[in-house]
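The values are calculated or read from the model by the stated rules, or taken from the named source; none is laboratory data. Because the structure is predicted, anything quoted here is derived from the model rather than measured. FYI the Cβ positions are ideal-geometry reconstructions off the backbone, even for glycines, and counts take in every protein chain you see.
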Amino acid sequence: MRRSRKKMTNPPKPTITDMLRKFEVGDQVHVVIRSSGRFQHPRFHGKTGTVLAKQGRTYIVEIRDGSVAKKLFLAPEHLKKG
């Protein structure tokens, strides 16, 4: 049995469409951390949050980590509509 086949493949690179996604304030988004972008802690991968604002190219997303509300600054290639 080979166990490293999936681990050795290169992750897909973000496309232009991923980078140019637009979100409105109040939209629900899913956090999908892509390894090709800037590093975010993997604990936030798969979380769902609300877009609070746009700051430059990034979006400020509020998520709940247990009972604590946290703000993440994420580029659009790390977000999907929820």
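I'm trying to understand the selection: among the residues of the range 41-54, which are in a strand (DSSP E or B) and either over 30 Å from M8 (Cα atoms) or among the hydrophobic types (A, V, I, L, M, F, W, C) (or both)?
The answer is G49, T50, V51, L52, A53, K54.
Looking at the range 33-40, can you tell me whether even one residue there is surrounded by 13 or more Cβ atoms within 10 Å (Cβ to Cβ), outside any loop (DSSP other than H, G, I, E, B) and not polar (S, T, N, Q)?
no
So for the range 3-25 (the condition being on the phi > 0 side of the Ramachandran plot and modelled with pLDDT of 90 or more), does at least one residue qualify?
No: the range 3-25 contains no residue that is on the phi > 0 side of the Ramachandran plot and modelled with pLDDT of 90 or more.
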